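Comments concern the structure below.
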Amino acid sequence: MFEKNQTELRKDICEIGRRVWQRGYVAYNDGNISIRLSKDHVLATPTGVSKGFLSPDMLVVVDMEGRQIDGHLKVSSEVLMHLAMYRERCDIAAVVHAHPVYCTGFAVAGEGLDRPTLPEFVVALGDVPLAPYAPPSTPLLGESVKPFIKDHDVFLLANHGALSIGSDVYQAYHRMETLEQSAQISFIARMLGRENVIAPSEMSHLQNMRQSMGLTYPRDCLTFAPGSKSPVNRGEDVNEATIEAMVRKVAERLIQEMGRS
Ligand code: 13P
């Protein structure tokens, strides 16, 4: 079980803001990040500031209708999109939105990332839908992603950027990293003139791996510790160590499979 207090969760958002900015997933004031604190409250980044230089006191708390209840800065203009994600998925406690260039290139070209290129991408992400364009800072943004939320953990937003969700903010961020790497690899393969995909006969094996790792839907809802505002995951702990262990497990199984064939 993991349980973090709000002070730690504020630091986590600042750390993820620094990572998305340092990796070039956002420019200037782009992107927004949030964490579900309780069933009624969400901690989110403020609007119009660089996510690379956040400090814990800059973050804002809103209720599930987006009404600001704490913080001296104004909340992200896209917080309603985050709230739509939390409403649809009781198993998640974090949302990361960024504009990584390869993902956003696909989103501008009007293409999702639905071709099975690497086993790791199929297992970790599944296929990646493209939500139709919606005007920024409006409830329509959340509405445009809504049809895809229940069955995906990462999304491209047409003419806008990318979105990832997770049971904690590190998992949501790592999904963003994997998504951007998948977009980069697809782009390069296409530039080379061939994007060979994994054979359909291999897909059920990868789907089984996804299932055995608890990555299919629906998932168990998160619960909240009594008297605490921190999310508590009822299932396996999901943190950096767990993600590393998952990736190692996928790699080991692939090596075993390759040895057998
Ligand atoms: P906010 O600064 O209001 O969160 O908006 C940033 C952004 O990425 C718009 O797409």
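Tabulated data
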| item | result |
| --- | --- |
| Some residue of region 191-201 being among the small types (G, A, S), surrounded by 20 or more Cβ atoms within 10 Å (Cβ to Cβ) and assigned to a helix (DSSP H, G or I) | no |
| Residue list for region 208-224, restricted to those being open to solvent by 40 Å² or more (accessible area, probe 1.4 Å), in contact (Cβ under 8 Å) with a residue 24 or more places away in the chain and not charged (D, E, K, R) | Y217, P218, C221, F224 |
| Strands (runs of 3 or more DSSP E) contained in region 24-142 and holding at least 2 residues open to solvent by 40 Å² or more (accessible area, probe 1.4 Å) | 68-70 |
| Within region 150-167, tally of residues that are in a strand (DSSP E or B) and either over 11 Å from the mean Cα position of the chain (by Cα) or over 12 Å from R219 (Cβ atoms) (or both) | 8 |
| Residue tally, condition of a type outside the set (A, V, I, L, M, F, W, C) and within 16 Å of the ligand (Cβ to nearest atom), over region 87-104 | 4 |
| Output for region 25-58, where each listed residue is under 19 Å from I165 (Cα atoms) and away from the ligand (no atom under 11 Å from the Cβ) | I35, R36, L37, S38, K39, D40, H41, V42, L43 |
| Failed condition for A109, given (1) without any contact (Cβ under 8 Å) to a residue 12 or more places away in the chain; (2) more than 14 Å from the ligand (Cβ to nearest atom); (3) of a type outside the set (D, E); (4) within 25 Å of V49 (Cβ to Cβ) | (4) |
| Close pairs (8 angstrom Cβ cut-off, 6 or more residues apart or separate chains): acidic (D, E) in region 18-34, within 12 Å of the ligand (Cβ to nearest atom) and open to solvent by less than 60 Å² (accessible area, probe 1.4 Å) anywhere | D30/K51; D30/A98; D30/H99; D30/G161 |
| Index of the failed condition, V123 passing every other in (1) within 16 Å of the ligand (Cβ to nearest atom); (2) at pLDDT 95 or above | (1) |
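The values are calculated or read from the model by the stated rules, or taken from the named source; none is laboratory data. Just so it is clear, the model here is predicted, and its values are computed rather than measured. Here the Cβ is made from the backbone with ideal geometry for all residues, glycine too, and neighbour counts use every protein chain on show. These area figures cover heavy atoms from the full protein model, side chains too; ligands, DNA and RNA do not enter into them. Shrake-Rupley method; radii C 1.70, N 1.55, O 1.52, S 1.80 Å.
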